[in-house]
1. Using the beta-carbon distance between ARG6 and LYS71 and R0 = 25 Å, what value does 1/(1 + (r/R0)^6) give for FRET efficiency, to the nearest 0.05?
2. Amide H to amide H under 5 Å from THR49: which residues, 5+ apart in sequence or cross-chain, H placed 1.01 Å off N in plane?
3. Each residue of the stretch 81-97 in turn: what ³J(HN,Hα) in whole Hz from Karplus with 6.51, -1.76, 1.60 and θ = phi - 60°, glycine and Pro shown as x?
4. Taking a spot 7 Å from the Cα of VAL95 along the direction of its beta carbon, which residues of the stretch 68-89 have an amide N less than 13 Å from it?
Amino acid sequence: MAVKFRPLHDRVLVKALDNETKTKGGIIIPDTAKEKPMQGKVVACGAGTRDDNGKLTPMGVKVGDTILYGKWSGTEVKIEGEDLLIMKETDVLGVIQ
């Protein structure tokens, strides 16, 4: 997916990955009972932050990484008809290997 949007500084653009709609026992979970997703794929990211001396600190994530983030992290936006999240790199809890 090529998005014509580039986040600034330490921001990350993320596409949330859908949670399972079925439990291990085969019960289908309705949309109203689903939890907000907490993992996603990095679509775009900024260059990084600047320290007190003006030196650029690069991002710890890159485009294509699958990440875990806090349940209520980020700001929901719609870009090119797609629902995405913009969040600071500090909201990212980790990268799934």
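No value in this document is a laboratory result; all are computed from the given coordinates. Predicted, not measured: the structure shown is a model, and the values here were computed from it. Note: ideal-geometry Cβ built from the backbone for every residue, glycine included; neighbour counts use all protein chains shown.
1. Working: r = 26 Å, r/R0 = 1.05.
So, using R0 = 25 Å, E works out to roughly 0.45.
2. Distant-sequence amide H within range of THR49: THR57.
3. x, 10, 7, 9, 10, 10, 9, 6, 4, 5, 7, 6, 7, x, 9, 7, 7
4. In the stretch 68-89, the label zone of VAL95 (backbone N under 13 Å from the point 7 Å along Cα→Cβ) covers 68.
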